[in-house]
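Taking it in order: structure first as structure tokens, then the write-up.
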Amino acid sequence: MNKTTLLSIASAALLAACGGSTGYGSGGGGGAGAQYITFQGNGNAGAGAVFNGPHAGQTVRAALLDGPTVIDIQKTVIAATGTDPAFSVTFAPAYDPYGVYTVDYWIDSNFGLISPAGVGECDPPANDHQWSVAIPAGRMTYTDVHRPGSTTSVCSTFTFPLTFVGDTSFTGPHPGQAFKAALVRGSDTSAEETLSGTVAASGAVPAFSVTFTHALVIGEPYSVKLWIDSNASGACDPADHQWSVNIPTALASHASTFTYAHNTTFTSVCSFFP
């Protein structure tokens, strides 16, 4: 037996030992033949409890985690009664046979709340049904049944806190002046939360910092409306410096601290500070 034959036999044995019987296929690379995990909600009453009845028309977000790390979030709407699957999402990252996958998912159901309370926010499981599901190794499609009696809080997977910081450049023109900062979701005309404070003395680092208690949902648009009472009138007016600041919320770019520098690109935001 020559060296080439020995090498071929060893390579075949190594391939079999590393996963030939696990059903992983060619996944993991993202190229030709890559596989992707699809997660579904049951809509077939004959196969178990369905999502359509209690949740038709509601938004569901599903996050794919590899270990403790969120690697993708998908969003869709639960279909009408009689549709199977009730919902289905396919995650973008290619399947990695070495991954340890979990799907956290949250339905914005708002049970027990009066609209608009809770809309677009991740509330406790009694209000927003939510679960965490371990995906068996090698399973490319996983269908879960509706389990309202065994929910798990997963809001931290989909949300993040925000501390909004004004850097020292604000202390030059505004030392000692009062300010307000309002957290606004999307195109809403009222704030989720409004905080106030005073710009620090000249040269201080930072000029100000406020932390919102209202969590932001990853991937949804938010802005901070900032008003400094430049003329000390106590009311927001055109003479005051004011800004509308978009906050990065994408999975890859969101951060719990956002620092903003003073500039003269002003935007009227007085309507948020009546």
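Mind checking whether some residue in the range 196-212 is surrounded by 15 or more Cβ atoms within 10 Å (Cβ to Cβ), under 28 Å from GLY118 (Cβ atoms), touching a residue at least 60 places away in the same chain (Cβ under 8 Å) and not assigned by TED's automatic domain parsing to the domain that holds THR69? No: the range 196-212 contains no residue that is surrounded by 15 or more Cβ atoms within 10 Å (Cβ to Cβ), under 28 Å from GLY118 (Cβ atoms), touching a residue at least 60 places away in the same chain (Cβ under 8 Å) and not assigned by TED's automatic domain parsing to the domain that holds THR69. Got at least one residue in the range 247-264 being part of a strand (DSSP E or B), among the hydroxyl-bearing types (Ser, Thr, Tyr), closer than 29 Å to ALA117 by Cβ and out of contact with any Pro (no Cβ under 6 Å at 6 or more places or on another chain)? So far as the range 247-264 goes, yes, one or more of its residues are part of a strand (DSSP E or B), among the hydroxyl-bearing types (Ser, Thr, Tyr), closer than 29 Å to ALA117 by Cβ and out of contact with any Pro (no Cβ under 6 Å at 6 or more places or on another chain). Flag: VAL100 does not match the condition of being over 18 Å from the mean Cα position of the chain (by Cα) and under 30 Å from ASP240 (Cβ atoms). Selection over the range 220-246 of residues that are in contact with a Ser or Thr (Cβ under 6 Å, 6 or more places away or on another chain), hydroxyl-bearing (Ser, Thr, Tyr) and part of a loop (DSSP other than H, G, I, E, B) gives a count of 0. I'd like to check which strands (runs of 3 or more DSSP E) are fully inside the range 121-190 and have at least 1 residues that are closer than 15 Å to ALA62 by Cβ. Here the list reads 130-134, 141-144, 159-166.
GLY138 meets the conditions (1) surrounded by fewer than 17 Cβ atoms within 10 Å (Cβ to Cβ); (2) in contact with a Leu (Cβ under 8 Å, 6 or more places away or on another chain) in every case but one. The failed one is (2). Within the range 171-195, if we keep just the residues that are surrounded by fewer than 17 Cβ atoms within 10 Å (Cβ to Cβ) and under 18 Å from HIS262 (Cβ atoms), the residue that is nearest to the chain's Cα centre (by Cα) turns out to be ALA178.
The values are calculated or read from the model by the stated rules, or taken from the named source; none is laboratory data. Since we're looking at a predicted model, the values are computed, not measured. All Cβ positions, even for glycine, are placed from backbone atoms using ideal geometry, and neighbour counts span all protein chains on display.
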